[in-house]
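What follows is a single structure, written as structure tokens, with notes after it.
The values are calculated or read from the model by the stated rules, or taken from the named source; none is laboratory data. This structure is a prediction, so every number in the text was calculated from the model and none was measured. Neighbour counts run over all protein chains shown; Cβ positions are idealised from the backbone, glycine included. Areas reflect the complete protein model, heavy atoms only, side chains present, ligands, DNA and RNA absent. Shrake-Rupley method; radii C 1.70, N 1.55, O 1.52, S 1.80 Å.
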Amino acid sequence: MPGADSAGAAVAAAVESSVVTRTSAPPSFDVADFPVPHGREEEWRFTPLERLRGLHDGTATADGSIKVSIDAPDGVTVETVGRDDPRVGRAGTPVDRVAAQAFSSVEKATVISVPKEAVLAEPVRVGLHGEGGVTFGHTVFEIGAFAEVVLVLDHTGDGVRAANVEFQVGDGAKLTVVSVQDWDDTAVHCSQHNALVGRDASFKSIVVTFGGDVVRLHPRVSYAGPGGEAELYGLYFTDQGQHQEHRLLVDHNAPNCRSNVAYKGALQGETARAVWIGDVVIRVAATGTDTYELNRNLVLTDGARVHSVPNLEIETGEIVGAGHASATGRFEDEQLFYLMARGIPADEARRLVVRGFFAELVQQIGVPDVEERLIAKLEAELAESIG
């Protein structure tokens with residue numbers, strides 16, 4: 001396990017106390033601590049293991065390449081460090097075998113640091129374009145106290161990718177992360193995202209998943225001090241033959257913190273499969289917590305299947321509020337009737353309903369060129385599914 005200096009003691013303590021829920025194994029950096037999954041385990045029962053190309057059982061070896069481009073404003077530093085650097089692993093520990101395999105398979109990590117009190121006018125952009133084969137990665141984003149940053153992670157191309165990504169948000173800082181999965185149809189992508197939110201800090205994550213054969217993302221949030229806020233938004237469009245899985249955990253381990261989760265997905269094609277698992281844990285020490293999680297799914301064609309499982313564990317009654325909601329359905333006939341009664345053709349009416357379904361989440365992105373690209377991608381998907 002990576003070391004930790006005295007300055008990071010409080011952060012390390014928060015990580016070491018990482019919660020173990022019924023959907024997660026005890027965290028570890030050692031891949032040997034995780035048995036090879038067989039698909040009967042709770043955390044793997046929805047995942048098509050045979051399509052992970054060896055990421056889950058150790059047979060996948062790093063034989064591919066991925067082109068990484070980093071566009072960062074002045075003042076942002078980019079370092080390549082050893083896996084034993086004390087900044088690596090501060091935000092969280094691997095919670096499944098694939099994440100542990102990714103950690104064990106890299107000797108170097110990339111650390112991107114934003115100095116304290118920096119307010120960046122332009123986003124930090126990190127592009128990862130797969131060029132085939134298997135690759136592993138570990139990236140740390142270190143955001144200094146009271147800094148304000150927008151970060152765009154853009155995944156394209158082909159390949160098999162397993163990675164750990166850390167977001168260390170300093171006290172009073174504000175970080176917005178937009179992670180786009182726009183892989184080729186044959187790609188496989190598994191990644192654990194760990195965010196550690198400092199005292200009175202703000203973390204917003206927008207995950208957008210369109211491409212890939214199998215995409216399995218594991219966003220996790222914990223708090224390094226009181227007063228932190230986390231917003232987790234997600235948008236996914238699952239097409240014929242695709243499996244897209246998003247497994248979230250918000251660990252309320254500090255008092256007076258807030259979280260809000262909202263993921264929406266649309267599915268088309270009889271073999272389209274989507275999974276959303278939303279875990280929120282409120283610990284004994286997390287008095288004053290205010291949290292809510294929501295998942296909505298729109299099924300566009302027969303045969304598409306989605307599993308939506310919200311979980312809420314509360315260990316103290318001294319909270320502001322906690323709740324969750326989940327729903328899956330088809331087009332609402334009343335909405336279509338309303339639009340068609342005003343002269344709008346049926347196909348266009350359906351497009352308008354789906355656009356409205358996703359509009360709220362697209363607007364959360366806040367990066368105009370990314371929003372425009374995703375709207376165009378959504379329009380292309382709708383043209384294919386609705387005609």
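Structural remarks
- Taking amide H positions as modeled 1.01 Å from N, with prolines and chain starts lacking one, the residues under 5 Å from A118 and 5 or more places away or on another chain are A147, E148.
- Couplings for the stretch 153-159, taken from phi via the Karplus curve 6.51 cos²θ - 1.76 cosθ + 1.60 with θ = phi - 60°, read 10, 10, 9, 9, x, 10, x Hz in order; Gly and Pro are left as x.
- Per residue accessible area of the stretch 239-368, 1.4 Å probe, in Å²: 43
- Taken over the stretch 250-322, the alpha-carbon convex hull comes to 64 cubic angstrom per residue.
- Global size of the stretch 117-162: 13.9, 40 Å for Rg and Dmax (C-alpha atoms, Rg to one decimal, Dmax whole).
- The stretch 77-137 versus the stretch 226-275: alpha-carbon centroid distance in Å: 21
- When the Cα positions of T139, T156, A99 are compared along the charge dipole of the stretch 74-157, A99 comes out farthest toward the positive end, with charges on each C-beta of Lys, Arg, Asp and Glu.
- Our summary gives the chain a relative contact order of 10 percent, counting only alpha carbon pairs under 8 angstrom and 6 or more residues apart.
- A simple spin-label model places the labels of E131 and A341 5.9 nm from each other, with each point 7 Å out along Cα-to-Cβ.
- Rounded accessible area per residue of the stretch 117-238, 1.4 Å, Å²: 24
- On full extension, the segment bounded by R83 and V68 gains 3.5 nm, given 0.36 nm per residue less the C-alpha separation.
- Signed unit charges on C-beta, dipole axis of the stretch 230-332, positive-most listed residue S259, G269, T287: G269
- Of all accessible heavy-atom area on the stretch 73-199, the percent that carbon and sulfur account for (1.4 Å): 46
- With both residues required to sit in the chain, DSSP beta bridges show an antiparallel share near 10%.
- For V68, neighbours were defined as the other residues whose beta-carbon sits under 13 Å from its Cβ, and their charges (Lys and Arg +1, Asp and Glu -1) total +1.
- Amide H contacts of I319 (H built 1.01 Å from N, in plane; Pro and chain starts excluded): G288 sit under 5 Å, all sequence-distant by 5 or more or on other chains.
- Residues I282, I319, ordered by accessible area of protein heavy atoms at a 1.4 angstrom probe radius and largest first, appear as I319, I282.
- Integer Hz, Karplus 6.51/-1.76/1.60 couplings in order for the stretch 222-236, x for Gly and Pro: 9, 10, 8, x, x, x, x, 10, 9, 10, 10, 10, x, 9, 9
- Its Kirkwood hydrodynamic radius, worked out from the mean inverse distance over all distinct Cα pairs, puts the chain at 21.2 Å.
- A Cβ-based charge dipole, computed about the Cα centre of the chain with Lys and Arg at +1 and Asp and Glu at -1, lands at about 380 debye.
- Phi angles across the stretch 374-379 convert, under the Karplus curve 6.51 cos²θ - 1.76 cosθ + 1.60 with θ = phi - 60°, into 3J(HN,Hα) values of 6, 5, 5, 5, 5, 4 Hz, Gly and Pro given as x.
- Distant-in-sequence amide contacts of E293, defined by a placed amide H-H separation under 5 Å and a gap of 5 or more residues or a different chain, comprise V261, G323, H324, A325.
- Given +1 at the Cβ of Lys and Arg, -1 at the Cβ of Asp and Glu and no other charges, the dipole of the stretch 179-275 around its Cα centre is 420 debye to the nearest 20.
- Ordering A341, G366, L312 by Cα displacement along the dipole of the chain toward the positive end leaves L312 in first place; charges were set at the Cβ atoms of Lys, Arg (+1) and Asp, Glu (-1).
- Kirkwood Rh (inverse of mean 1/r, distinct Cα pairs), the stretch 173-262, angstrom: 13.7
- Placing +1 on the Cβ of every Lys and Arg and -1 on the Cβ of every Asp and Glu, with nothing else charged, gives the stretch 246-387 a dipole about its Cα centre of roughly 120 debye.
- The stretch 228-341, accessible surface, carbon-and-sulfur percent (1.4 angstrom probe): 49
- Net length gained if the chain between R40 and D185 were fully extended (0.36 nm per residue, minus Cα distance): 49.5 nm
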